[in-house]
1. Is there a residue in segment 109-123 that is touching a helix residue (DSSP H, G or I) at 6+ places or on another chain (Cβ under 8 Å) and open to solvent by 20 Å² or more (accessible area, probe 1.4 Å)?
2. Would it be correct to say that LEU233 is touching a His at 6+ places or on another chain (Cβ under 8 Å), over 30 Å from ALA366 (Cβ atoms) and touching a residue at least 24 places away in the same chain (Cβ under 8 Å)?
3. Of (1) within 22 Å of the chain's Cα centre (by Cα); (2) modelled with pLDDT of 95 or more; (3) more than 22 Å from LEU169 (Cβ to Cβ), GLU33 satisfies all except one. Which?
4. Among the residues of segment 161-202, how many are out of contact with any Pro (no Cβ under 9 Å at 6 or more places or on another chain) and at negative phi?
5. Does LEU206 qualify as being over 39 Å from the mean Cα position of the chain (by Cα), hydrophobic (A, V, I, L, M, F, W, C), open to solvent by 30 Å² or more (accessible area, probe 1.4 Å) and over 11 Å from ALA304 (Cα atoms)?
6. Please determine whether any residue of segment 398-409 is assigned to a helix (DSSP H, G or I), out of contact with any Pro (no Cβ under 6 Å at 6 or more places or on another chain) and open to solvent by 10 Å² or more (accessible area, probe 1.4 Å).
7. Is it true that PHE395 is among the aromatic types (Phe, Trp, Tyr), crowded, with 16+ Cβ neighbours inside 10 Å, over 27 Å from GLU13 (Cβ atoms) and within 14 Å of the chain's Cα centre (by Cα)?
8. Within the set of pairs 6 or more residues apart or between chains, which connect a residue that is touching a residue at least 40 places away in the same chain (Cβ under 8 Å) inside segment 348-368 to a residue that is basic (Lys, Arg) and outside any helix (DSSP H, G or I) with Cβ atoms less than 6 Å apart?
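The values are calculated or read from the model by the stated rules, or taken from the named source; none is laboratory data. Remember, it's a predicted structure, so these values are computed and weren't measured experimentally. Every residue, glycine among them, receives a Cβ derived from its backbone with ideal geometry; neighbour counts consider all protein chains shown. Areas reflect the complete protein model, heavy atoms only, side chains present, ligands, DNA and RNA absent. Shrake-Rupley method; radii C 1.70, N 1.55, O 1.52, S 1.80 Å.
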Amino acid sequence: MSESDLRAAIRREMPGVRADLERLVRIPGVAFEGFDHSHVERSAEAVAELLRGCGLDTEIVRHGGQPAVIGRKAAPAGAPTVLLYAHHDVQPAGDPALWTSDPFEPVERDGRLYGRGAADDKAGVMAHVAALRAFGDQLPVGVVVFVEGEEEYGSDSLDTIIHEHLEELRSDVIVIADSGNWDIGQPALTTSLRGLVNLFAEVKVLKSAVHSGMFGGPVPDALITLARLLSTLHDDDGEVAVAGLVGREGASVDYPADRFRSEAGILDGVELIGKGTITDRIWTKPSVSVLGIDAPRTLEAANALQPTAKAKISVRLAPGDDPKTAFEAVRAHLEKHVPWGASLEVTLESDGAPCVIDATGPVYDAARAAFSAAWDGTDPVDMGVGGSIPFIATFQELFPGAAILVTGVEDPHAAAHGPDESLHLGEFEKVCIAEALLLRNVAETLTK
């Protein structure tokens, strides 16, 4: 099919693609503990139905976790096989009061579709479906569509699924539709991602809570102790102060500070922390954040000194670092700096490796040509991402001969993981066109 044929086919399919995307957004498929996992089952069934509608042999698989969906269609003689990845589970919506509209009822406002998962990553699922529908019976490559069901909850069973279905998933090109573009009107290929270490630090100073008047003064309460410990994780400039974490400078893309402040929603007067360019600080250097603290709510806090306090700490690792050695470095730092002889327990919650992709060669040239055409002559940039997709390292290890393309539907205003998550509908159509053109270009490049 020609470029004009594919463009016309995508435009023809977009109303149905959007309707199916909205149906997926209405399913609150959260894989976190404490949520109704029957919705994750419903989500997997809905995705399987979509893939079967594209003519793929489809099954729902699970190995101790939430359901994933695998759909396959064999390659024409001599043609390559492309694996198309996305995930159908979503982040919890959080407090509904922080949303402008119901998080699980899709609503269009100002050219954007709002709803949990509208961007991350149900639109990724539908970009794959759109490309398959555009080709119909003329698909020039073999495809394996792999839609995971617990990516937002850590992909605990993913390694097992991949190993158990290794031959089914084996492919020449892997397209991971779970990232984003540089800006509205500016496509991108993601070529590096930071790794992740999430851990808990708990301090203990008392056997039980005691009267703050009778004992306050000599006794270091647990919250003050924890606060002092957490403050050692950064120096006075906000640079990460943990010895042993890898970091470097030299990210190649300029990210103006005023644009970054606006997209992050930073309040006027709040200073940025750390040193170096913005892209260095979010792509190639580590970061340390405190995600939560177990402590009494202020409305319920008695006049008592707290005996224990616990924090969840998130460490993003620069490419080149190792999660296991990074965890040991953070633990050693905390043990060294815990004040006043308090008892400290540090436990690992989860980790994942960073990755760097060498985006050179004919497949990447084919991808860039597809993106440039879809965005009417605007070439994609190679960008890093401060977030983590740890299983990419798994794909790199298990399929060393495959070209890995990390794409996505998000833009800097998508608010993935936050209230009012949204998808830019105009950009989404370009993503769908780009994927269809990518499959055509890969077929022309690799078919023997």
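1. Among the residues of segment 109-123, at least one is touching a helix residue (DSSP H, G or I) at 6+ places or on another chain (Cβ under 8 Å) and open to solvent by 20 Å² or more (accessible area, probe 1.4 Å), which makes the answer yes.
2. Numbers: touching a His at 6+ places or on another chain (Cβ under 8 Å): yes; over 30 Å from ALA366 (Cβ atoms): yes; touching a residue at least 24 places away in the same chain (Cβ under 8 Å): yes.
So LEU233 passes the test.
3. (2)
4. Going through segment 161-202 one residue at a time, the tally reaches 23.
5. yes
6. Of segment 398-409, the ones assigned to a helix (DSSP H, G or I) are 398.
Among the residues that remain, those that are also out of contact with any Pro (no Cβ under 6 Å at 6 or more places or on another chain) are: 398.
Next cut, open to solvent by 10 Å² or more (accessible area, probe 1.4 Å) only: 398.
Yes, the conditions are met somewhere in segment 398-409.
7. Numbers: among the aromatic types (Phe, Trp, Tyr): yes; crowded, with 16+ Cβ neighbours inside 10 Å: yes; over 27 Å from GLU13 (Cβ atoms): yes; within 14 Å of the chain's Cα centre (by Cα): no.
Judged against the criteria, PHE395 is not a match.
8. Going by the 6 Å Cβ cut-off, the qualifying pairs are PRO354/ARG194.
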